[in-house]
Amino acid sequence: MSLVAVRDAIDSCGELDTPTFARRTRNAIAQAIVGEALVHGREAPPPHDPPLDELHRRLGEDLGDTLAAVYRGGDDWTSRAIDVLPTLHALTRT
């Protein structure tokens with residue numbers, strides 16, 4: 001399932017420096033979007049809630065909330081994921 005790698009990347013928020021976290025998450029999201037385009041399927045619900053406090057602390061509320069929404073999946077997760085790619089890419093450069 002395409003969101004598994006995205007969720008794993010987001011779960012690593014507290015373990016990695018910001019550029020590494022952003023790169024890992026950006027790449028996982030990009031691969032998940034491509035995978036979703038090739039095989040449109042229903043994603044399994046996440047095994048737990050996203051690490052929202054850590055995302056907010058590290059990335060701010062807006063980006064943290066967007067990544068949490070991608071983490072949760074749902075019908076519109078790919079649109080949110082596409083929107084967040086430029087911001088994650090910029091964070092890889094910090």
Pairing a residue in segment 72-85 that is β-branched (Val, Ile, Thr) with any residue that is surrounded by fewer than 16 Cβ atoms within 10 Å (Cβ to Cβ), where Cβ atoms lie under 9 Å and the two sit 6 or more apart in sequence or on different chains, gives Thr78/Ala37
Subset of segment 60-71 (residues that are free of Cβ contacts under 8 Å to residues at least 12 places away in the same chain and under 17 Å from Val4 (Cα atoms)):
Ala69
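So that you can scan it fast, the table gives a plain yes or no per residue for (1) among the β-branched types (Val, Ile, Thr); (2) in contact with a His (Cβ under 9 Å, 6 or more places away or on another chain); (3) modelled with pLDDT under 90:
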site	(1), (2), (3)
Val39	yes, no, yes
Ala44	no, no, yes
Leu55	no, no, no
Arg58	no, no, no
Leu67	no, no, no
Asp76	no, no, yes
Ile82	yes, no, no
Thr92	yes, no, no
Residue that is surrounded by the most Cβ atoms within 10 Å (Cβ to Cβ) [pool: residues in segment 20-35 that are modelled with pLDDT of 95 or more and more than 14 Å from Leu85 (Cβ to Cβ)]
Phe21
Just for segment 26-59: of the residues that are assigned to a loop (DSSP other than H, G, I, E, B) and small (Gly, Ala, Ser), which one is farthest from Arg7 (Cα to Cα)?
Gly41
Restricting segment 52-82 to residues that are in contact with a helix residue (DSSP H, G or I) (Cβ under 7 Å, 6 or more places away or on another chain) and over 18 Å from Ser12 (Cα atoms), the one surrounded by the most Cβ atoms within 10 Å (Cβ to Cβ) turns out to be Trp77
Output the number of residues of segment 36-51 satisfying the condition of being over 12 Å from Trp77 (Cα atoms) and crowded, with 16+ Cβ neighbours inside 10 Å.
3
In segment 60-78, how many residues are within 12 Å of the chain's Cα centre (by Cα) and in a helix (DSSP H, G or I)?
12
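The values are calculated or read from the model by the stated rules, or taken from the named source; none is laboratory data. Since the structure is predicted, the reported quantities are computational estimates derived from the model, not experimental observations. Don't worry about glycine lacking a Cβ; one is built from the backbone with ideal geometry, like all the others, and counts go over all protein chains shown.
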